[in-house]
Each structure stands twice: as C-alpha cells, then as structure tokens.
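Asks: What follows is a structure written as structure tokens; I'll ask about it next.
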Amino acid sequence: MAKLELDGKQFEFPEVVGTEGEHAIDVSALRSRTGYITLDDGYGNTGSCSSKITFIDGEKGILRYRGIPIEELAEQSTFVEAAYLLIWGKLPTIQELNNFSHLLTKNEMLHEDMKFHFEGFPTHAHPMAILSSMINAAGCFVPQVLEPGDEKFVIQVARLMSQVRTIAAFSYRKSLGLPIIYPKPTFKYSANLLHMMFSEPYEDYGLLPEVVQALDLIFLLHADHEQNCSTSTVRMVASSKANLFACAAAGVCALWGPLHGGANQAVLEMLEEIHQSGDNGSRFIEQAKDHKSGKKLMGFGHRVYKHYDPRAQIIKVKCDQLLVALNKRDPLLDIAKRLEEAALSDSYFLERKLYPNVDFYSGIIMRAIGIPIDMFTVMFAIGRMPGWIANYKEILDDSEARIYRPRQVYQGPTERHYVPIEKR
C-alpha cells in the first residue's frame, strides 16, 4: 500500500504490479476518499488503463506484441499474422491465418458509390483528411456489420483493415489525376497496396519481393506501440461505445499531427534541407547542439525509449538491403548514416539519450519505394490499424469499462456576473 498524508489525515492506496514488474499506485478512489485529484499534464506519469496487448521497456529498448519480441516477429512473421496476434491475443494456426487472409481479400473492395465521395475532395486535399473521412463513410455502407457480436466483429476487422489500403490507394491516385486501380484477389496485403498505387490500366506494377517485404516490415513495426496519442484517442472514443470505424477515424486524426505520425516526414525534410545546403551533416550536428540555432535533429529521441529504439535497428538493416536491391544510391541515406554515427559518438547526444528511432529510417525506405511524402502518415495509419483495433476490442470486452472522463484543475476567473452590452 502507498501512504498519502493530506490535511493531517493518512490514506492508503493499493499498489498494482504488472506481469513485467511495472509498479503503479491505484488512485481510482482518490477523489471520492480525499476530495483531491492528481494533476499530470500530458499524462507522462498516468496509467490510463490496464492492457494485455503491448509491452515496452523504454530504458532497455524492449518492444513485445502479446509477449513476443518485435525482433522475432520482424524476422519470422508477416504484418497480417502480427495483426491477428495483436487483435486476438495469440498466433493463428494455418487455418485461422488462411481464414483471416481470405476475409481480408473478400472485403477489400469499396462500395462503388464511395467513388462519388472521393470526387468531392479537392485535388490538393491532404490524404489523411481523405482517409479519416472515408473510413467513417465506409462504416455507413453496411450498417448491419456494425452490430455487436463476435461474428460481426471479425467482419468489421476485415473490412476496416482491408479497405483502409483501398482508400489510401484511391486517394493517392486521385491526387495525381490518375485512374483508379482496383485490388487483385491474387495479391497479398502489402503487394496489393503497391499494385493499387502504382499500376496502370495497361500495365501492372512490377512487384519486387524486396520492396513488398520492406513495406510489410514497416507495417509490422508500426502495428502497435502501447498508449500513444492516437491509440489513447481510439480508446477514449471507444469508451463511449462508438463503432469501430468512428474510433479508427479518430485515431487517424490524432496520428495526423506532426508531433506523432508526421515524424518520419520531418526526418526526410531535414535530410533534404541538409543535402540542398551542401552540408554532409557535420555542420547540422553542431547546429543541433546550439539551442539558439533553431535546428533540431529529427528522428532522434523518443518519449518512451531512453535507449536505441529496437524498431530502428531492424529497419536500418532492411533499408540498406532495399537500396542494394533497387540499385539506388541515395545521398539522403549517406547523410542519415553520417548523422547517426556522429550522434552516437557525441557526448551531447549520448548524455541526453537521443538515439535514432524508427522514423529515422522508415521515411527513406518509403522514398526509395516511390511513396510521396504526404502519404507517409497514411502508411503509418495502415500499419497502426491492428493496434487500434486490438485496443478497441479490449474496451469492448471489458464489462466493467466506463466512459473515459478525465478531470481538470480549473485556473479561470472565479464567479462574476453578466454585464449587459450597453454597460460594457
């Protein structure tokens, strides 16, 4: 028990210990017993829920989905299998995986009327705006699917996970004024997205295995990451009993923010800026250490990780392999490696534990594949969808779940009275 003394009185609150040894103090009854609340701006020290989905140890650089290390999943699994693991809590059998893959294929087509919705967006509309709107719209076309029940839920999952690719590809094609390319049932998850984005009516996109694997790995590494901003948003909306599509659309909106899903875009923009200036990265490193310069080393450091982001180590290897396979020499990658080497040997960054994170390399991979910068966050949203669904399901399955309703410490004016407009 933790002891708290307030106004001369002592109160005890139970300690909660997670399966990985995480310690928390359960203050659920704090206000009812003491009249006080806790103030934790930004929720940096607040556990908003108990969850069985993802474990992170930021000090040691550990990330596990349902107990399985991300390194093992990255080497041996696929995005679709990892999605099943996250959502249903176990690795699927061959039959279960085949059934799930079949459902994804069966539900990949959008209702034809949705094409009229795409036409309503201006050409310059941001893909994330289209994505969030169209996810909500997709939930309207088959309303009976949104009814409760395990059998309905698996269809909801398949429709959302599968159609988010189709929506993303359609929005990309529309932004370029290109004809829509429909999904092919013979292609697997990541291959189908590439086909819909880059094929032409007269010629299919040449699917290189290295490109397909790299995109699938990006999705897998982003599939869940505990209670980040967008996942917490999904849980918040889910607590109101909103449907899965509405919750996912809310997650997309949260992810859109430059401090969240836009980080890999910021990395590429930084590398472009360095390259255009003729710097090899050395000058930028020195500027980043000077607070007055206004320069920030994007893609380094993480709110949770105080060690090397395990996803960054995995994706760095894949980045090198992909560029070799594509026979591409990317000057931005050379600059990125120079920044990494300098930062990892410079006491300024080491003392502040500013290690490369997953965003540092994912943008370079997507650039090499040919995905434009404004689609980077869309790719992130596609990858994060299983984690959002898993967290939605956790709320759904909790019979004692209550609607999320944080408190606040009011700092506004005290009581005052209305003054008629003629006396102001």
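The values are calculated or read from the model by the stated rules, or taken from the named source; none is laboratory data. All values derive from a computational prediction rather than experimental measurement. Ideal geometry is used to build each Cβ from the backbone, glycine not excepted, and the neighbour counts take in all protein chains shown.
Asks: Among the candidates Thr78, Thr93, single out the residue that is within 24 Å of the chain's Cα centre (by Cα), in the same structural domain as Arg165 (by TED's automatic domain parsing), farther than 20 Å from Ser232 by Cβ and of a type outside the set (Asp, Glu).
Replies: That would be Thr78, the only listed residue that is within 24 Å of the chain's Cα centre (by Cα), in the same structural domain as Arg165 (by TED's automatic domain parsing), farther than 20 Å from Ser232 by Cβ and of a type outside the set (Asp, Glu).
To keep it simple, each residue is scored yes or no on (1) in contact (Cβ under 8 Å) with a residue 12 or more places away in the chain; (2) within 20 Å of Met379 (Cα to Cα).
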{"site": "Ala83", "(1), (2)": "yes, yes"}
{"site": "Pro92", "(1), (2)": "no, no"}
{"site": "Leu104", "(1), (2)": "yes, yes"}
{"site": "Glu112", "(1), (2)": "no, no"}
{"site": "Gln144", "(1), (2)": "no, no"}
{"site": "Glu147", "(1), (2)": "no, no"}
{"site": "Phe153", "(1), (2)": "yes, no"}
{"site": "Arg159", "(1), (2)": "yes, yes"}
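Asks: Then there is this: Looking only at region 2-24, count how many residues are outside any strand (DSSP E or B) and loosely packed, with under 10 Cβ neighbours inside 10 Å.
Replies: 4
Asks: Are there any helices (runs of 4 or more DSSP H) wholly within region 32-118 with 2 or more residues that are in contact with a strand residue (DSSP E or B) (Cβ under 9 Å, 6 or more places away or on another chain) and more than 29 Å from Ala138 (Cα to Cα), and if so which?
Replies: The helices (runs of 4 or more DSSP H) meeting that bar are 70-76.
Asks: Which one of the conditions (1) of a type outside the set (Gly, Ala, Ser); (2) in contact (Cβ under 8 Å) with a residue 12 or more places away in the chain; (3) in contact with a helix residue (DSSP H, G or I) (Cβ under 7 Å, 6 or more places away or on another chain) does Lys295 fail to meet, given that it meets all the rest?
Replies: Unmet condition: (2).
Asks: Could you tell me whether any residue of region 226-239 is under 20 Å from Asp359 (Cβ atoms) and not polar (S, T, N, Q)?
Replies: Yes.
Asks: State yes or no: is His275 assigned to a loop (DSSP other than H, G, I, E, B), in contact with a helix residue (DSSP H, G or I) (Cβ under 7 Å, 6 or more places away or on another chain) and at pLDDT below 95?
Replies: Answer is no for this residue.
This table checks each residue for (1) in contact with a Ser or Thr (Cβ under 9 Å, 6 or more places away or on another chain); (2) surrounded by fewer than 22 Cβ atoms within 10 Å (Cβ to Cβ); (3) within 15 Å of Tyr392 (Cβ to Cβ); (4) in the same structural domain as Glu72 (by TED's automatic domain parsing).
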position: Glu203; (1), (2), (3), (4): no, yes, no, yes
position: Leu208; (1), (2), (3), (4): no, yes, no, yes
position: Ile218; (1), (2), (3), (4): yes, no, no, yes
position: Ala249; (1), (2), (3), (4): yes, no, yes, yes
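Asks: I've got another one for you. Looking at Phe170, Phe187, can you tell me which residue is modelled with pLDDT of 95 or more, of a type outside the set (A, V, I, L, M) and either assigned by TED's automatic domain parsing to the domain that holds Asp113 or over 22 Å from Met134 (Cβ atoms) (or both)?
Replies: None of the others qualify; the one that does is Phe187.
Asks: Step by step: first the residues of region 314-330, then only those that are charged (D, E, K, R) and outside any loop (DSSP other than H, G, I, E, B), then the one that is farthest from Leu73 (Cα to Cα). Which residue is that?
Replies: Asp320
Asks: Restricting attention to region 215-263, and to residues there that are in a helix (DSSP H, G or I) and polar (S, T, N, Q), which single residue is farthest from Ala137 (Cα to Cα)?
Replies: This residue is Ser232.
Asks: Also, I was wondering about something else. Report yes if some residue within region 308-330 is among the polar types (S, T, N, Q), closer than 23 Å to His225 by Cβ and at pLDDT 85 or above; otherwise report no.
Replies: Yes, region 308-330 contains at least one residue that is among the polar types (S, T, N, Q), closer than 23 Å to His225 by Cβ and at pLDDT 85 or above.
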